[in-house]
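Trainee: One structure, pasted below without further comment.
The values are calculated or read from the model by the stated rules, or taken from the named source; none is laboratory data. Worth saying up front: this structure is predicted, and the values here are computed from it rather than measured. Because the Cβ atoms are built from the backbone with ideal geometry, glycine has one as well, and the counts that use them run over all protein chains shown.
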Ligand SMILES: C[S@@+](CC[C@H](N)C(=O)[O-])C[C@H]1O[C@@H](n2cnc3c(N)ncnc32)[C@H](O)[C@@H]1O
């Protein structure tokens, strides 16, 4: 996934409506002030988040399973982030317990088969007072596109791009199940956001703006570790 179309995706995501003017403002807003913090950019892609987090004063570590993305992200962050090729279905052995103030994982959790295991691993690396900010496809939008039952919980294979063959395999599941996984992994929801497009989108991408003002494409969460019972 992604490696086969990594260069094209990077061009698409840099200034595209859904990434630059929708997902990134929402997720960075939930991340809050990152200055002086250690941030793990999980599934960093071509490094748009890593570069912005560095610009905002964070110390950035990160990973992605695509070697091309990691290379692009290293270039984009001027070598100032510790980025490596890593499959998030494997433990983050290179990240010590409690060593990260913020985990940011944008538009990636839905690709993992065992999402609870991944979320538990992200919880392990969080320092006391830390948080996990993530975004994923809004389950209602997935249902509108894919049809069938809203409550279906299954992997779906499709192209990420209507105009090109960008094959991905991702999970669709209802909101109840998404939230249950957070709880199972030991997280509480501090904030839930159904993002609105930023005003600049109205001029640059009017059709996308109109669509996103009617129906959210993504949903984002700020999660915090649940206190031990
Ligand atoms: C939609 S892109 C988002 C990239 C980046 N977070 C952003 O928002 O710009 C999804 C990313 O998830 C990564 N990914 C998917 N499955 C993964 C896995 N098992 N381990 C690590 N990265 C994965 C892909 O390589 C891709 O970079």
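Trainee: All but one of (1) touching a residue at least 40 places away in the same chain (Cβ under 8 Å); (2) near the ligand (Cβ under 8 Å from one of its atoms) hold for residue 89; which doesn't?
Mentor: With (1) touching a residue at least 40 places away in the same chain (Cβ under 8 Å); (2) near the ligand (Cβ under 8 Å from one of its atoms) applied to residue 89, the lone miss is (1).
Trainee: What pairs can you find where one residue is in region 93-119 and under 15 Å from residue 185 (Cβ atoms) and near the ligand (Cβ under 10 Å from one of its atoms), the other is modelled with pLDDT of 95 or more and assigned to a helix (DSSP H, G or I), and their Cβ atoms are less than 6 Å apart, with a gap of 6+ or different chains?
Mentor: The qualifying pairs are 109/115; 112/118.
A quick yes/no check of all residues on (1) in contact with a helix residue (DSSP H, G or I) (Cβ under 7 Å, 6 or more places away or on another chain); (2) without any contact (Cβ under 8 Å) to a residue 60 or more places away in the chain; (3) in a helix (DSSP H, G or I); (4) within 11 Å of the ligand (Cβ to nearest atom):
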site: 8; (1), (2), (3), (4): no, no, yes, no
site: 12; (1), (2), (3), (4): no, no, yes, yes
site: 25; (1), (2), (3), (4): no, no, yes, no
site: 34; (1), (2), (3), (4): yes, no, no, no
site: 44; (1), (2), (3), (4): yes, yes, no, yes
site: 54; (1), (2), (3), (4): no, yes, yes, no
site: 60; (1), (2), (3), (4): yes, yes, no, no
site: 63; (1), (2), (3), (4): no, yes, no, yes
site: 68; (1), (2), (3), (4): yes, no, yes, yes
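Trainee: What is the one condition in (1) surrounded by 15 or more Cβ atoms within 10 Å (Cβ to Cβ); (2) closer than 22 Å to residue 8 by Cα that residue 197 does not satisfy?
Mentor: (2)
Trainee: Could you tell me which numbered condition residue 30 fails, if it satisfies all but one of (1) crowded, with 19+ Cβ neighbours inside 10 Å; (2) near the ligand (Cβ under 10 Å from one of its atoms)?
Mentor: (2)
Trainee: Next question, about the same structure. Which of the helices (runs of 4 or more DSSP H) found entirely inside region 108-203 contain at least 1 residues meeting this: within 20 Å of residue 49 (Cα to Cα)?
Mentor: The helices (runs of 4 or more DSSP H) meeting that bar are 115-125.
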